[in-house]
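The values are calculated or read from the model by the stated rules, or taken from the named source; none is laboratory data. All figures in this text were calculated on a predicted structure; none of them were measured in a lab. FYI the Cβ positions are ideal-geometry reconstructions off the backbone, even for glycines, and counts take in every protein chain you see. Ligands, DNA and RNA are stripped out before the accessible areas are found, and what is left, the full protein with its side chains, is counted by its heavy atoms. Shrake-Rupley method; radii C 1.70, N 1.55, O 1.52, S 1.80 Å.
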Amino acid sequence: MMSNITVCARFRPLSAKERKDSCDSICISSIDSESFIFKDEKDECTYSFDKVFYEESMQADVYEFLALPIVKDAVKGVNGTIITYGQTGAGKTYSVEGPSILECDVQKKGLLPRVVDGLFECIKSADESTKYTIKLSMVEIYMEKVRDLLDLTKDNIQIKENKEQEILLSGVTEITISDPEGALQSLSDGIVNRAVGETHMNVGSSRSHCIYILTVQLESTTDKRVKTGKVILVDLAGSEKVEKTGAEGKVLEESKTINKSLSALGNVINALTCGPSTRSSHIPFRDSKLTRILQDALGGNSRTALLCCCSPSASNASETLSTIRFGMRAKHIKASPLVSRKEDKHAKKHGDITPTKDESCDRILNKLRERLEEEDVKLLEELFILEGLFFDVTSGEDLESAYQDVTSWTISSLQQAVEELIYTVEELKRENKDLKARLADAERFNAMRKKTEDSAGVLLKISGIISFLFSWAGSFSPLKMPS
């Protein structure tokens with residue numbers, strides 16, 4: 001069933017700097033819990049969201065409206081994603097983590113620790129015939145590389161797509177968590193590894209997009225079927241204006257990369273929400289690592305919620321308006337969350353991507369042999385095993401239908417492989433261009449160094465000759481004049 005994603009706005013209290021700069025002047029005024037008026041020097045307009053959280057709102061209010069429905073669905077096998085968006089210093093990380101992930105006032109706990117608590121609470125009250133396992137992963141997207149925050153040696157994780165066209169992070173660390181306390185300690189360890197820096201807007205500004213993945217695996221003890229549900233929390237790095245943040249050097253390069261990926265996110269939302277007569281068949285998910293990872297959340301099998309974090313200060317009116325407009329566009333995205341497919345226990349286990357080849361796979365391959373050369377069938381057989389494209393036809397699947405599905409998925413997999421190859425080639429071209437530029441610089445430097453060394457050698461020779469002449473001249477006695 002198609003549904004719109006849930007979009008909320010949250011306005012934090014004015015900061016001390018904003019009070020000083022704008023004399024307590026604000027750009028929004030409350031109408032009710034779903035609407036507010038935005039006013040700047042140019043315009044005044046009313047905006048409505050699924051929920052508006054004003055400065056007096058509690059962390060628990062945000063969790064119960066935005067995240068709790070997603071948590072409850074996750075233990076039923078439905079994926080859910082929560083995204084925080086907004087300018088630097090707008091309160092995104094505070095909304096997700098709170099003041100501290102480990103120790104803080106209960107009322108100030110953020111979404112992340114509350115989601116962890118919520119998952120374990122749901123499991124406690126669940127049916128005894130179901131066994132639950134919860135796993136945790138943490139990554140950040142820093143300078144367009146996906147880094148594992150639980151294992152820093154994995155600093156360039158690849159993004160893949162499985163046979164159900166779900167996005168996966170290849171080789172990412174997954175740790176099993178058995179209680180909320182252990183989960184929070186692991187989260188704290190990972191958060192310490194996150195890239196942060198200081199700007200004029202925020203002393204602890206996030207320099208990366210941080211993604212927390214909590215996977216709930218449900219195993220029925222009666223029929224041994226397994227299904228999974230995920231809760232993904234995304235703490236985006238903030239959009240930035242260089243003149244406000246005072247970014248330079250490394251921080252400036254980080255800002256450029258952050259803004260580029262957020263721009264790609266905006267382009268994806270525009271492509272997803274434009275009218276059917278103008279909507280392009282191509283959604284640019286591959287334009288950035290962020291949009292690729294969020295492909296399921298924005299255009300696939302996931303229940304999604306967006307929290308737009310804003311400053312109410314008149315001094316940040318343009319950035320707040322940009323965030324509001326982003327949220328208004330996102331409201332029109334349609335999502336289709338479904339219960340995850342039940343998996344055969346002989347299929348994927350513990351991240352193993354090579355499933356067992358069974359008789360039904362042979363039956364499909366035999367059907368392919370009727371239409372293809374044997375060499376082609378062997379190549380397809382390797383692809384089926386690699387991608388896990390096999391069916392249990394004996395359980396009621398029609399062989400012709402299964403054959404058509406496998407063929408369709410094979411084409412899709414090959415198209416994906418070609419797209420990834422093209423993307424890799426483009427990346428290599430860019431790296432090659434950079435390498436050529438560096439080589440040219442190195443050659444120019446070596447030429448200059450050689451000229452300098454040659455000049456130094458000539459000067460050394462001249463100096464030696466002059467020294468010799470002085471020495472030679474000094475060996476003669478002064479001539480005596482006749483009387």
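Full extension from residue 426 to residue 143: what is 0.36 nm times the residue separation minus their Cα-Cα distance, to one decimal in nm?
100.2 nm
Going by Cα centres, segment 435-464 and segment 302-333 are how many Å apart?
That distance is 56 Å.
Any idea of residue 444's accessible area? Nearest 10 Å², probe 1.4 Å.
Taking all protein chains as shown, residue 444 has close to 140 Å².
Could you order 18, 164, 370, 219 so the one with the most accessible surface comes first? Probe is 1.4 Å.
Accessible-area ranking of 18, 164, 370, 219, largest first: 370, 164, 219, 18.
Please work out how much accessible surface residue 282 shows to a 1.4 Å probe, ignoring ligands, DNA and RNA, in Å² rounded to 10.
120 Å²
Given labels modelled 7 Å from the Cα in the Cβ direction, how far is it in nm from residue 34 to residue 54?
My value for the distance between the label points is 1.7 nm.
Could you tell me the center-to-center distance, by alpha carbons, between segment 100-176 and segment 212-241 in angstrom?
Measuring centre to centre over Cα atoms gives 6 Å.
Between residue 132 and residue 318, what length comes free when the chain is fully extended (0.36 nm per residue of separation minus the Cα-Cα distance, one decimal in nm)?
Contour length minus Cα-Cα distance gives 62.3 nm.
On a 26 Å Cα-Cα criterion, which of the cross-link pairs 135/331; 108/334; 42/289; 429/451; 76/334; 124/154 come out too long?
With Cα atoms farther than 26 Å apart: 135/331; 108/334; 42/289; 429/451; 124/154.
Name all residues of segment 143-167 having a backbone nitrogen under 13 Å from the label point set 7 Å from the Cα of residue 123 along its Cα→Cβ direction, giving them as ranges.
Under cut-off, by backbone N: nothing.
Quick one: accessible surface of residue 454, probe radius 1.4 Å, all protein chains present, in square angstrom to the nearest 10.
Accessible area, nearest 10 Å²: 80 Å².
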